[in-house]
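Worksheet for the structure shown next.
Laboratory data are not the source of any read-out in this text; all were calculated from the coordinates shown. A quick note: this is a predicted structure, and the numbers were derived from the prediction, not measured. Cβ placement follows ideal geometry from the backbone for every residue including glycine, while neighbour counts extend to all protein chains displayed.
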Amino acid sequence: MSTFDYYITARGVVERGLFYNYLHELGYKDYIYTREEMINSLYPFAVCIKRKELVIIESAMMCYLNDKAGRVKTPEEFKEIIDRMKK
């Protein structure tokens, strides 16, 4: 289906900016889009844990399919997943 592990539903410029900064502190790199485009977008972030890549997904179909697969998370849920992986 997708090479991205999770889709993150951060909303608003502040929440998106904080989440974007959090991922960059963990070593994630932008894929295709710039920082400004990602923070100002209304679309969800897509995160690949293995490649440490971050992008926005503009496809409603991909968002729908990944939601059905249980891969759409809030920033808080994603941070919990990362914390569990560190242990």
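Tabulated results
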{"item": "Ordering of 12-24, 37-49 by burial proxy (mean other Cβ atoms within 10 Å per residue, highest first)", "result": "37-49, 12-24"}
{"item": "Farthest positive-ward along the chain dipole, Cα basis, beta-carbon charges - from Pro44, Ala10, Phe78", "result": "Phe78"}
{"item": "Calculated Rg/Rh (Cα atoms, Kirkwood Rh) (choose from [x] 0.96; [y] 0.92; [z] 1.18), label", "result": "[y]"}
